[in-house]
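Here's the structure we're looking at; comments come further down.
The values are calculated or read from the model by the stated rules, or taken from the named source; none is laboratory data. In this text, all values refer to a predicted model and were calculated from it rather than measured experimentally. Heads up, the Cβs are rebuilt from the backbone with ideal geometry, glycines too, and the neighbour counts pull from every protein chain shown. Areas reflect the complete protein model, heavy atoms only, side chains present, ligands, DNA and RNA absent. Shrake-Rupley method; radii C 1.70, N 1.55, O 1.52, S 1.80 Å.
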Amino acid sequence: MQRAAPQTFDRVLSSMCTKPHPAARSAAERFLATNPGDPATYQAVAALEEDALAYLSEITGLQTPHGYITSGGTEANIQAVRAARNYLSRDDPNVVAPESIHFSFQKAADVLGVELRIVPVDDDYRADTEAVRAAVDDNTIVVAGVAGTTEFGRVDPIPELTEIAHDAGALMHVDAAWGGFILPFTDHEWSFAHAPIDSMTIDPHKYGQAVVPAGGLLFREREVLDALAIDTPYLESTSQASLTGTRSGAGVASAAAAMRELWPTGYREVYETQQANAEWLYEQLTARGYDAVEPELPLVAAELPESEFESLRDLGWRISRTASGELRIVCMPHVTRESLRAFLSDLDSLQPVRN
């Protein structure tokens, strides 16, 4: 049987994952068989998890780190809702979030038995604060906002949403799974330093350049994290807050290694390069007559006829659409100006089809 090889990233333009940093890859291999779910037994990887959390806290403006390295943004978002549900103990709990929220909140509502109230976004694809204000009530446990939406790369008004959440007696959660490693180099107000948010999702396996899976979940207060804990009497560690239980130390070790290598200078360089790529691509698309959304972060969305979209996929480009149908291209660290030029060349070759 022929050995399967992983596909290259050369034509992957829609993914929010990327090539891991060499140091992250090496660390993952060394700690592959360790289990951060039992830190008393696997003390070396537990120490690396503390290092990773310290880096994530510095990146997000959190003074004291509370949290853990998750399998990704989905687990982190589910756990943030679960922590709020357990901590606040409302009779009929609900979560209020904009329509730009990640689909993991649908999973959270289903698994945890909470109501998910989706509200509109404004004309610039950000959460409509007045709609959020109208949707919260005494049973709201979480108001969720996004710092780097998956479809348009927008940042919700986090300070305003936090005020609405706390006025309603709810917790404020920020999903910065994708944007968290690039937003520190922008003027956006998104982090623990900008508002008294209660929890945050931030994924090292995206712009952080750790191996997959390596997500992150942070809490401002230890008591909210503790609301996730259950007893684990047969382990050396007698309690556990994570959702997955046994988990590979590869993600933990790679996250710590990547951040040690790249924070802050390496991440700043990647952000500046990819933001420039996104702005260049936006200009190229609009010059060709395509209606595109100006990139706020390194993500470009543009209207593209179905025939052209499918033809590009037939040519091997891994591209996707937003829920409203726009082409979306995510300028991750593996996306080069050369690859974008090749993409545009193939797009130009389709012009006779378009005309």
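Here are the numbers for this structure:
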read-out	value
Where N is the number of residues in region 19-147, Cα Rg divided by 2.2 N^0.38 Å	1.28
Percentage relative contact order, region 93-227, counting C-alpha pairs under 8 Å, at least six apart	19
Value of Rg/Rh across region 95-206 [Cα atoms, Kirkwood radius]	0.93
Rg(Cα) / (2.2 N^0.38 Å) computed for region 39-90, rounded to two decimals	1.31
Around residue 128: net Lys/Arg minus Asp/Glu count, Cβ-Cβ under 14 Å	-3
Largest-first ellipsoid semi-axes for the chain, taking √(5λ) over the Cα gyration tensor eigenvalues, angstrom	34, 26, 17
Label-point gap, in nm, between residue 110 and residue 287 - each point 7 angstrom along Cα→Cβ	4.5
Total formal charge among the other residues, if their Cβ is under 12 angstrom from that of residue 119, Lys/Arg +1 and Asp/Glu -1	-2
Where Rh is the Kirkwood radius over Cα pairs, Rg/Rh for region 117-164	0.95
Fraction in percent of alpha-carbon pairs per bin - 5 Å, region 270-355	3, 15, 27, 29, 19, 6, 1, 0
Helix-derived mean residue ellipticity, 222 nm - over the chain, DSSP H n ≥ 4, -39500 (n - 2.57), to 500	-12000 deg cm²/dmol
Linear extension gain, residue 64 paired with residue 246, 0.36 nm per residue minus alpha-carbon span	63.0 nm
Approximate spin-label separation residue 307-residue 99, in nm, with each point projected 7 Å along Cα-to-Cβ	2.9
Per-pair calculated FRET efficiency, R0 = 35 Å: residue 320 and residue 47 via Cβ, rounded to 0.05	0.35
Burial ranking of peptide ranges 67-73, 41-47, 159-165 (average Cβ count within 10 Å, highest at the top)	67-73, 159-165, 41-47
Extension reserve of the residue 341-residue 7 stretch, reckoned as 0.36 nm per residue once the Cα distance is removed	118.2 nm
Rounded accessible area of residue 107 (nearest 10 Å², 1.4 Å probe)	100
Protein-only accessible surface order, largest first, of 82, 3 at 1.4 Å	3, 82
Residue-level accessible surface for residue 265, protein heavy atoms, 1.4 Å, Å²	90
Residue 103 - accessible surface, heavy atoms, 1.4 Å probe, Å² rounded to 10	130
For region 195-320, the Rg and Dmax computed from alpha carbons only, in angstrom	20.7, 64
Orientation-averaged projected area, Cα convex hull of region 178-225 (nm²)	3.6
If the convex hull is drawn through the Cα atoms of region 149-216, its volume per residue in Å³	89
Region 1-69 - percent relative contact order, Cα under 8 Å, separation 6 or more	16
Contact order relative to length of the chain, as percent, for alpha carbon pairs under 8 angstrom and 6 or more apart	24
log₁₀ of I(q)/I(0) at q = 0.23, 0.25 Å⁻¹ - region 313-355, Debye sum with one point per alpha carbon	-0.97, -1.07
Whole-angstrom gap from region 223-280 to region 122-137, using each part's C-alpha centre	30
